[in-house]
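Visitor: There's a structure below that I have some questions on.
The values are calculated or read from the model by the stated rules, or taken from the named source; none is laboratory data. Note that the structure is predicted; figures quoted are calculated from it, not measured. Using ideal geometry, Cβ is built from the backbone for each residue, glycine included, and neighbour counts are taken over all protein chains shown.
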Amino acid sequence: MCGIVGFVNTKENKQEIIENMMDTIIHRGPNSSGEFIDDQVALGFRRLSIIDLAGGSQPIFNEDETKVIIFNGEIYNFQEIKDDLLAKGHVFRTKADTEVILHGYEEYGVDIVKQLRGMFTFAIWDRETKELFGARDHFGIKPFYFAEMNDTFMFGSEIKSFLVHPDFNKALNKKALKPYMTFQYSALEETFFKDVYRIPEGHYYTYKNNKLTIEKYWDADFQEKEMTLEETVDMIDEAVKESVAAHSIGEVKVGAFLSSGVDSSYVASVLRPDNTFSIGFGDKSYNESHEAKRLTDKIGLNNTSKVVTGDEAFDYFPTIQYYLDEPDSNPSCVPLYFLAQMASEDVTVVLSGEGADELFAGYQNYGFNTRSRPVRVFAEALKKLPKKARYSIARTIKKAPNFKGSMHLYTSLAPAEDFFIGQANVFEEQEADQLLQPNYRQSESVKAIVDRQYKKVKDLSEVKKMQYLDLHQWMPKDILLKADKLSMAHSIELRVPLLDIRMMEVAEQVPTKYLLNEENTKFAFRKAANRHLPDEWADREKLGFPVPIKDWLRTDKYYQQVRAIFSQEFVTEFFDQAKILQMLDGNFNNENDDRRKIWTIFTFLTWYKIFFIDEAKPVIPQS
């Protein structure tokens with residue numbers, strides 16, 4: 001696990017520039033650094049040593065030194081690929097997984113990316129053809145950004161490394177703010193920094209003769225198979241056990257994050273690490289560490305936990321947004337930062353539970369919106385109707401007055417396109433328009449953003465359509481981004497064994513009826529977890545990271561801190577200041593419950609102040 005930076009141009013002074021870029025991401029790789037520079041390219045690397053501690057430093061060259069690679073991530077099947085390459089005559093200088101990609105590119109060309117199992121971004125420079133080639137992993141577990149400015153093509157693991165490049169023009173992407181108000185994360189392919197983009201998940205790129213080409217090499221392909229529940233559960237459990245084992249490779253200590261939910265509990269119970277880590281906020285309703293401790297006591301594991309105070313959360317909040325590069329108002333960013341900080345004191349690698357909800361349909365808003373079993377059973381019966389009849393019933397329910405179970409029936413029967421935009425929906429677009437200044441109201445619509453994905457899977461079941469959307473929006477742009485950035489902020493590697501290409505091959509086969517039904521979300525997955533966990537954990541309702549923003553925003557001390565930033569002069573550039581202050585005051589006085597909306601505005605303003613006003617890494621107040 002590392003950080004990579006680089007740029008292509010024919011200018012001088014590359015050495016100083018690449019070193020400055022590397023310095024901005026030293027947190028991603030505090031153990032060592034390396035660089036390669038010629039007349040056209042500069043490649044920089046910061047290393048967090050995990051595999052081949054003595055010999056895995058980068059950049060790494062092929063046998064005749066015509067090609068050089070920098071790489072961020074882990075390849076879990078590198079040994080089998082290496083064996084094949086050795087048989088074909090390739091000579092390896094290290095024991096690291098990085099070199100497998102380089103020799104694999106020599107042998108298989110761009111098709112090497114289709115063989116890789118892992119999380120990765122990389123860049124290979126061909127010194128003879130003057131071509132740059134690289135890729136991002138199937139799911140976007142590792143981040144990769146690029147920009148073309150002033151005759152320079154620059155790329156890297158974090159946007160902040162671009163800010164020190166003399167050819168970088170820093171400007172706000174005005175079109176990013178309005179979609180963010182709804183999605184809570186940077187929802188476009190162009191980031192909050194104008195002309196800075198992401199390489200999409202499951203894509204590779206080439207850059208040659210000042211031309212960038214991006215191609216897709218993988219996408220989800222849901223093909224349900226006829227199988228019994230027992231066969232499905234067997235298949236899932238075997239895949240989880242194999243994936244956890246594969247994700248445990250390395251020469252350093254491996255721990256696990258543990259919440260009260262089934263996903264991380266399943267991983268921890270299979271891994272059985274020496275250390276598990278949990279976080280909470282004091283009050284029982286916001287403290288998952290109590291349940292994590294109960295589980296580890298039952299199954300014989302060690303657990304370390306921490307209680308985060310409101311003061312800590314607000315003191316560190318600017319730092320959290322700094323490490324994220326772009327604003328993300330997901331409240332779970334706060335506990336995740338402190339969880340990674342705590343784990344870094346004991347381990348270098350942690351396994352976490354991200355991905356299971358997207359692969360196995362764990363979210364309630366996929367259509368599990370009632371506690372009434374009779375309503376759920378009735379909805380499952382209606383799902384067997386032809387599509388036209390289901391959609392007609394859904395339209396009727398939508399027009400009717402609310403009744404018990406109406407939301408569940410509607411989301412069970414309606415086209416996913418009509419109601420589902422992903423796992424966050426903070427502001428409706430018209431609400432955002434009422435608060436935003438005119439210059440920030442013009443952007444791609446929410447519908448246009450999600451329809452790009454929906455049009456690819458129009459023939460799938462509604463549940464699988466929603467899964468597909470989350471795989472390409474919510475997961476890479478929110479869940480995985482914060483997992484990577486906030487773990488690397490503390491120089492630890494976070495691995496996600498439930499989000500793996502082999503796990504995906506299993507998930508693609510699972511019948512919809514075993515994903516979400518009248519019994520539960522993530523039905524077959526929970527049955528598999530139940531082989532390792534008590535019923536209480538296998539069946540537990542999904543909570544995410546419970547974060548007390550409601551309490552914070554009605555506590556005078558924190559309300560005043562938020563009000564102070566809402567009141568600053570720069571805010572009028574983006575928002576109707578009187579209206580957002582009225583919203584904040586009303587929430588504080590218990591006249592509304594706009595906590596998520598307030599938190600989303602607060603997050604953006606905090607982020608903007610860091611990168612466009614202060615232009616410096618935040619200083620954490622001394623207690």
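Visitor: Return the only residue of P179, P200, P166 being assigned to a loop (DSSP other than H, G, I, E, B) and touching an Asp or Glu at 6+ places or on another chain (Cβ under 8 Å).
Guide: P200
Visitor: Additional query: Kindly indicate the residue of the range 54-93 that is assigned to a loop (DSSP other than H, G, I, E, B) and without any contact (Cβ under 8 Å) to a residue 12 or more places away in the chain and also surrounded by the most Cβ atoms within 10 Å (Cβ to Cβ) among those meeting that condition. Reasoning before the result, please.
Guide: Start the filter on the range 54-93 by keeping residues that are assigned to a loop (DSSP other than H, G, I, E, B), which leaves 54-59, 62-66, 76-77, 88-93.
In the following step, the residues that additionally are without any contact (Cβ under 8 Å) to a residue 12 or more places away in the chain were identified as 54, 64, 89, 92.
Details: A54: 9, D64: 9, G89: 9, F92: 16.
By that ranking, first place goes to F92.
Visitor: In the range 51-77, which residues are at pLDDT below 95 and out of contact with any strand residue (DSSP E or B) (no Cβ under 6 Å at 6 or more places or on another chain)?
Guide: I51, D52, L53, A54, G55, G56, N62, E63, D64, E65
Visitor: Looking at (1) buried (at least 17 other Cβ atoms within 10 Å of the Cβ); (2) modelled with pLDDT of 95 or more, which is the one condition that is false for R531?
Guide: (1)
Visitor: Within the set of pairs 6 or more residues apart or between chains, which connect a residue that is touching a residue at least 40 places away in the same chain (Cβ under 8 Å) and farther than 11 Å from L436 by Cβ inside the range 567-580 to a residue that is loosely packed, with under 12 Cβ neighbours inside 10 Å and acidic (D, E) with Cβ atoms less than 7 Å apart?
Guide: Pairs that qualify, where the first residue is touching a residue at least 40 places away in the same chain (Cβ under 8 Å) and farther than 11 Å from L436 by Cβ and the partner is loosely packed, with under 12 Cβ neighbours inside 10 Å and acidic (D, E): there are none.
Visitor: Looking only at the range 268-299, which residues are within 17 Å of D346 (Cβ to Cβ), assigned to a helix (DSSP H, G or I) and either touching a Lys or Arg at 6+ places or on another chain (Cβ under 7 Å) or at pLDDT 85 or above (or both)?
Guide: Kept after step one, since they are within 17 Å of D346 (Cβ to Cβ), are these residues of the range 268-299: 268, 271-279, 289, 292-293, 296.
Remaining after also requiring assigned to a helix (DSSP H, G or I): 268, 271, 289, 292-293, 296.
Across the range 268-299, the qualifying residues are A268, L271, T296.
Visitor: Can you pull out the residues in the range 543-554 that are assigned to a loop (DSSP other than H, G, I, E, B) and surrounded by fewer than 17 Cβ atoms within 10 Å (Cβ to Cβ)?
Guide: Hits for the range 543-554 are L543, G544, R554.
Visitor: Here's something else I'd like to know. For the structure I just gave you, tell me whether I101 is among the β-branched types (V, I, T), modelled with pLDDT of 95 or more, in the same structural domain as F155 (by TED's automatic domain parsing) and within 31 Å of the chain's Cα centre (by Cα).
Guide: Against the criterion (among the β-branched types (V, I, T), modelled with pLDDT of 95 or more, in the same structural domain as F155 (by TED's automatic domain parsing) and within 31 Å of the chain's Cα centre (by Cα)), I101 qualifies.
Visitor: All but one of (1) modelled with pLDDT of 95 or more; (2) of a type in the set (S, T, N, Q); (3) surrounded by 22 or more Cβ atoms within 10 Å (Cβ to Cβ); (4) farther than 19 Å from D484 by Cα hold for Q40; state the number of the condition that does not hold.
Guide: Looking at each condition in turn, Q40 falls short on (3).
Visitor: Any residue that is surrounded by 14 or more Cβ atoms within 10 Å (Cβ to Cβ), of a type outside the set (V, I, T) and farther than 22 Å from D500 by Cα - is there at least one of those in the range 211-226?
Guide: Within the range 211-226, one or more residues are surrounded by 14 or more Cβ atoms within 10 Å (Cβ to Cβ), of a type outside the set (V, I, T) and farther than 22 Å from D500 by Cα.
Visitor: Inside the range 125-146, can you point out the residues that are surrounded by fewer than 24 Cβ atoms within 10 Å (Cβ to Cβ) and in a strand (DSSP E or B)?
Guide: D126, E131, L132, F133, Y145, F146
Visitor: Still on this structure, I have one more. When the range 228-267 is examined, which residues are found to be modelled with pLDDT of 95 or more and surrounded by fewer than 20 Cβ atoms within 10 Å (Cβ to Cβ)?
Guide: T228, L229, E230, E231, D234, M235, E238, K241, E242, A245, A246
Visitor: List every residue pair whose Cβ atoms sit under 8 Å apart, with the two residues 6 or more apart in sequence or on different chains, where the first one lies in the range 503-516 and is surrounded by fewer than 21 Cβ atoms within 10 Å (Cβ to Cβ) and the second, anywhere, is among the acidic types (D, E).
Guide: Close Cβ pairs satisfying both conditions: E508/D221; Q509/E224; P511/E224; P511/E226; T512/E224.
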